[in-house]
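The values are calculated or read from the model by the stated rules, or taken from the named source; none is laboratory data. All figures in this text were calculated on a predicted structure; none of them were measured in a lab. Neighbour counts run over all protein chains shown; Cβ positions are idealised from the backbone, glycine included.
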Amino acid sequence: MTDSPIMLKQAIPYIRLYKGKIFVVKVGGRIVGRRDMLDALVEDICLLQQVGVNIVLVHGGGPQATEMSLKLGLQPEIIAGRRVTDAKTLEVAKMVYAGTLNIDILSSCRSHHSPAVGLSGVDGGLITARKRQKGKIEPAPGAEPVEVDFGFVGDIVKVNPQVLNHLLEGGMTPVVSCLGADTEGNVLNINADSVAQALASALSAEKLVIVTDTEGLLKDAADPSSLVSYTDVEEIEAFKREARLTGGMLPKVEACIKALKGGVRRTHIINGTKPGALLREIFTNAGCGTMIVERRERQSYQQAELAPQAVPA
């Protein structure tokens, strides 16, 4: 309690900086699947809204899709962090992503008196995608490429953020599941990190925040204390060449890099299993996860975040 005035004073410059800006927050299925963790995140999001930040919440649901597939006798196949989606798996994705999980998040928002609207990339022509073509892919960095047919997996072609802007202007929180459609209306499964990145770029968002169940980017995946708190694209590319990034972290980091190149100022990867992680990352000097920028300034984390050029005109 005695630290509260200090924390509030520390947050004031950030509140001024971000008022009226858009943050895209992507939350993974492991957080959504735990009501206590989900409620804690939604509570943080509500506070951000109270100080004038506009939030678009994108969610995945990989663990729940895997669980449902197994219950239905389907064996999930995931390559380089991406789910192979045949016709039956697509039906699972529609049930889990746009159904159960989206409703669970809306329920949490309602319990915190935060008006939210659930939708997918199919709604309002939000996301137009094309079916991914069969091709060769490295299962892991440096591994021998193998030919993969991802099935009903989509690559994003276009984003029409009009529906999101309408909701934000009306004081609503859009809660977006990771489905899209092609121009013929065929539904496609899209990686949630890719959805969050595309929406952040289309909305000219100030931040993309990826909420996962790890501390952030680690120099050594086996050592939680090796957190990289502040880095840039050049260093990330070096990590990739050294095969330090594997599994589900790869699409997250790739989404951050693409968002930065698409005009998003700051990207973050944080541990949503810890209450208050989103607020600590946004409103404190030290943060709690990994902040990735396009080009790292020769400054401290605090100086980089509150540099004069970052202040709105």
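Key figures for this structure:
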| item | result |
| --- | --- |
| Selected residue (criterion: nearest to residue 38 (Cα to Cα)) from residues of region 214-228 that are of a type in the set (Asp, Glu) and surrounded by fewer than 17 Cβ atoms within 10 Å (Cβ to Cβ) | 223 |
| Criterion (in contact with a strand residue (DSSP E or B) (Cβ under 6 Å, 6 or more places away or on another chain) and either more than 27 Å from residue 46 (Cα to Cα) or surrounded by fewer than 21 Cβ atoms within 10 Å (Cβ to Cβ) (or both)) met by exactly one of 267, 231 | 231 |
| Check on residue 100, of a type outside the set (Gly, Ala, Ser), closer than 22 Å to residue 68 by Cβ and surrounded by fewer than 18 Cβ atoms within 10 Å (Cβ to Cβ) | yes |
| Among the residues listed as 240, 261, the single one being closer than 26 Å to residue 190 by Cβ and either modelled with pLDDT of 90 or more or in contact with a Gly (Cβ under 9 Å, 6 or more places away or on another chain) (or both) | 261 |
| Residue list for region 6-34, filter: assigned to a helix (DSSP H, G or I), small (Gly, Ala, Ser) and more than 12 Å from the chain's Cα centre (by Cα) | 11 |
| Selected residue (only one of 32, 24 is crowded, with 21+ Cβ neighbours inside 10 Å, closer than 16 Å to residue 272 by Cα and touching a His at 6+ places or on another chain (Cβ under 8 Å)) | 32 |
| Number of the condition not met by residue 66 [criteria: (1) assigned to a helix (DSSP H, G or I); (2) at positive phi] | (2) |
| Meets criteria (polar (S, T, N, Q), under 21 Å from residue 47 (Cα atoms) and surrounded by fewer than 20 Cβ atoms within 10 Å (Cβ to Cβ)) for residue 165 | yes |
| Test result for residue 202, closer than 30 Å to residue 274 by Cα, among the small types (Gly, Ala, Ser) and touching a strand residue (DSSP E or B) at 6+ places or on another chain (Cβ under 6 Å) | yes |
| Any pair with Cβ under 8 angstrom, 6 or more apart, that starts in region 30-52 at a residue that is among the acidic types (Asp, Glu) and ends at one that is assigned to a helix (DSSP H, G or I) | 39/108; 39/111; 44/277; 44/278; 44/279 |
| So residue 272, is it of a type outside the set (D, E, K, R) and surrounded by 23 or more Cβ atoms within 10 Å (Cβ to Cβ) | yes |
| Residue match in region 110-120 (condition: assigned to a helix (DSSP H, G or I) and surrounded by fewer than 20 Cβ atoms within 10 Å (Cβ to Cβ)) | yes |
| Residues located in region 212-251, provided they are part of a strand (DSSP E or B) and free of Cβ contacts under 8 Å to residues at least 60 places away in the same chain | 218 |
| Hits in region 266-309 - residues which are assigned to a helix (DSSP H, G or I), modelled with pLDDT of 85 or more and out of contact with any Gly (no Cβ under 6 Å at 6 or more places or on another chain) | 277, 278, 279, 280, 282, 283 |
| Unique residue being modelled with pLDDT of 95 or more, exposed (fewer than 15 other Cβ atoms within 10 Å of the Cβ) and touching a Gly at 6+ places or on another chain (Cβ under 8 Å) when the list is 181, 129, 87 | 87 |
